[in-house]
Amino acid sequence: MKMISQRVKDISYAIREIAAVASEVAKSGKKIYHLNIGDPVIYDFKMPNYISQALADASFNGKNYYVDSLGAPELREGISKSLKKSYNINVNSEDVLVTSGVTEAIFFLIASLLENKKELLIPGPSYPLYINYAKFFDGVPVEYELDETNNWDPNIDDLRKKINDKTQAILICSPNNPTGVMYSEKMIKEIIDLAGEYNLIIFSDEIYDQITYEKPFTCPANLSKDVPLIGLNGFSKSHLATGWRLGYMYYHDPENKLAELKANVAKLARARLSASSIAQYAAVEILKNPGTHTKEMVSKLKERRDYSYTRLRKIEGITCVKPNGAFYLFPKIDLNEFKKWKDDKEFTIDLLKTTGICGVYGSGFGEYGKNHFRLTFLPRVDILKEVYNSLEDFLSKTN
């Protein structure tokens, strides 16, 4: 008897799958360095007391009920005002939908847009969920190249070549997971123009918009005059609320081209009732009082990024582009020099079992991720020093 559908069998999520291997390795007593999960809260970044108190107050004051399926009105209004203040985007509260993390927003959009081998253009390498959900809904994820030789900038010619009559939307992910690249304003304008030329929707994954270093985030919706765009964001990363699972999507739709999509996404939102009510009411307080915790986190992360990047550059057989957003490094391992491993997955698992360093194999982020591995730089510098000493020693003993 066939018990499991093929669409579920085909799902692969490298970020969590490597964690399962790490759990087995930990049983032997080996210390594990968890550099696979992008969760700042498990390190020395702590949610400010006023935010924790807002969550507790929402529960204590009886706000733990089902709220409107599209989101608590106060939060949707707060997000609308925040987008106007931060990026000068005119998005009404009715154009905001609150979700259980950005993950659910991705699910809603791909479920609504893709079927019968319709295509979604995603950056390569890319966050695995876009690949998984596209396939799950009988669509096709098509990767456009992020050019590693050009600081992981999108290859606009490659993007253009991959547009056809099955293409539904183009994903911009900036700052990018896993590379940390931020698309330039010029590049974003070119992608918007391309989408307009072919009558395509743009998805803009902005979850790392506040975690940037040398240059500020460029919001695509601010540059789009007539091309419909759907922004995806949330409270997990910037406000140290990963476990809340609270995200949102917003529609920037100057010519009302997304009305049908918007109405049908709302059906999915109603079918699952609502995102966490108490998290939503606590998030209202975050928007009223953003605090200084994000700025302080970014300051710490910059030091950790610089240290990690400097160490990686000194290791023979590894190359790495310096990220200018998010908290990931995506180094390339020269498998022609290190012939012990047939691919990046085998290398990453051997590294984990030997040293306890838990990264994510690059092929888990798509075709353009092959021969790479992803590491976070979230831990303190003293912990990162142990990591890079071990990595350097591990590779020096390989050949």
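The values are calculated or read from the model by the stated rules, or taken from the named source; none is laboratory data. The shown structure was predicted, so the numbers you read here are calculated from the model rather than taken from an experiment. Cβ atoms come from the backbone with ideal geometry, glycine included; neighbour counts cover every protein chain shown.
Of A266, A283, A275, which residue is more than 23 Å from L113 (Cβ to Cβ), touching a residue at least 24 places away in the same chain (Cβ under 8 Å) and of a type in the set (A, V, I, L, M, F, W, C)?
A283
Tell me whether the range 35-46 contains one or more residues that are of a type in the set (G, A, S), assigned to a helix (DSSP H, G or I), under 25 Å from G362 (Cβ atoms) and touching a helix residue (DSSP H, G or I) at 6+ places or on another chain (Cβ under 9 Å).
no
Within the range 216-230, track down each residue that is without any contact (Cβ under 8 Å) to a residue 40 or more places away in the chain and closer than 16 Å to A105 by Cα.
Hit for the range 216-230 is L229, nothing else.
Looking at this structure, is L391 aliphatic (A, V, I, L, M), closer than 21 Å to V21 by Cβ, outside any loop (DSSP other than H, G, I, E, B) and in contact with a helix residue (DSSP H, G or I) (Cβ under 8 Å, 6 or more places away or on another chain)?
Spelling it out, L391 is indeed aliphatic (A, V, I, L, M), closer than 21 Å to V21 by Cβ, outside any loop (DSSP other than H, G, I, E, B) and in contact with a helix residue (DSSP H, G or I) (Cβ under 8 Å, 6 or more places away or on another chain).
With the requirement that a residue be touching a His at 6+ places or on another chain (Cβ under 9 Å) and surrounded by 17 or more Cβ atoms within 10 Å (Cβ to Cβ), what does the range 84-122 give you?
I89, V91, D95
Taking the condition of being in a helix (DSSP H, G or I) and either surrounded by 14 or more Cβ atoms within 10 Å (Cβ to Cβ) or in contact (Cβ under 8 Å) with a residue 60 or more places away in the chain (or both), how many residues in the range 54-72 meet it?
Residues in the range 54-72 being in a helix (DSSP H, G or I) and either surrounded by 14 or more Cβ atoms within 10 Å (Cβ to Cβ) or in contact (Cβ under 8 Å) with a residue 60 or more places away in the chain (or both): 5 in total.
Checking the conditions here, which among P154, P216 is farther than 21 Å from L287 by Cα and not assigned by TED's automatic domain parsing to the domain that holds C320?
Just one listed residue meets the conditions, P154.
G71: over 20 Å from N222 (Cβ atoms), within 24 Å of the chain's Cα centre (by Cα), of a type in the set (G, A, S) and modelled with pLDDT of 95 or more, yes or no?
For G71, the condition - over 20 Å from N222 (Cβ atoms), within 24 Å of the chain's Cα centre (by Cα), of a type in the set (G, A, S) and modelled with pLDDT of 95 or more - is met.
Condition first: closer than 20 Å to Y208 by Cβ and among the aliphatic types (A, V, I, L, M). Can you find one or more residues in the range 352-369 that meet it?
Within the range 352-369, one or more residues are closer than 20 Å to Y208 by Cβ and among the aliphatic types (A, V, I, L, M).
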